[in-house]
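Notes follow the structure.
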Amino acid sequence: MGKDKHTPKNRFRSRSEHNLDEKGRLNIPSRFREILRKDFSEILVVTNWHKCLKAYPVPIWEEIEAVLLGQGKKQPGMDAFVRYVLSGVSECPLDKQSRILLPATLRVDFNFTKEVILNGMLDHFEVWDKATWEHETKNTRDNFQNFEHSLSMLGIL
């Protein structure tokens, strides 16, 4: 029997608050660890993005690299983006306590002190400074009507 199109997929969903320890280690929530263990490996590729860090399972990150290599050079101005994003790439394996060590340079660049938010983005998750997250979330909520056209075009509204 074929798979029902409504069968749940393993995705990174939801958000949670976490505290970095004094060495910059971050606990990965069990719901995210389960996805990594079931579908990928216990290694994440973490890199800088716009206002947060993005954490990808290795195969998903490799797909992004392939797109950047194959099509990125055709897009004007992409060299600067690629330079920026690749400069932050760090492979972060989960330790025995299910934590990753966020590199000090990335913690400084994104003003991570202690409180961070992990937010699932389906095929990856983000790591935000808590204050930055709260500001961005408020902006999104205040401007939610800006998404209505796109949501309608996707058939969600």
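The values are calculated or read from the model by the stated rules, or taken from the named source; none is laboratory data. None of the values given here were measured: they were computed from a predicted structure. Note: ideal-geometry Cβ built from the backbone for every residue, glycine included; neighbour counts use all protein chains shown.
Listed by first and then second residue, the pairs linking a residue in the range 61-86 that is within 25 Å of GLU42 (Cβ to Cβ) to a residue that is at pLDDT 85 or above and part of a helix (DSSP H, G or I), with Cβ atoms under 7 Å apart and 6 or more places separating them unless they lie on different chains, are LEU68/VAL82. Assessment of the range 65-88 against the conditions (small (Gly, Ala, Ser), part of a loop (DSSP other than H, G, I, E, B) and more than 18 Å from the chain's Cα centre (by Cα)) yields at least one matching residue. Selection of the range 77-97 for residues being touching a helix residue (DSSP H, G or I) at 6+ places or on another chain (Cβ under 9 Å), within 19 Å of GLU34 (Cα to Cα) and buried (at least 16 other Cβ atoms within 10 Å of the Cβ) yields only LEU94. Among the residues of the range 23-50, just one is part of a helix (DSSP H, G or I) and either touching a Lys or Arg at 6+ places or on another chain (Cβ under 7 Å) or among the β-branched types (Val, Ile, Thr) (or both), namely ILE35. Screening ILE100 against (1) buried (at least 19 other Cβ atoms within 10 Å of the Cβ); (2) under 12 Å from the mean Cα position of the chain (by Cα) leaves a single unmet condition, (2). Pairing residues of the range 20-44 that are closer than 20 Å to ILE64 by Cβ and among the aromatic types (Phe, Trp, Tyr) with residues that are surrounded by 16 or more Cβ atoms within 10 Å (Cβ to Cβ) and at pLDDT below 95, at Cβ distances under 7 Å and at least 6 apart in sequence or on separate chains, gives no pairs at all. Scan the range 116-141 for residues that are acidic (Asp, Glu) and modelled with pLDDT under 95 and the total you get is 0. Residue-level analysis places THR113 among those that are under 26 Å from GLU136 (Cα atoms), touching a helix residue (DSSP H, G or I) at 6+ places or on another chain (Cβ under 9 Å), assigned to a loop (DSSP other than H, G, I, E, B) and touching a residue at least 12 places away in the same chain (Cβ under 8 Å).
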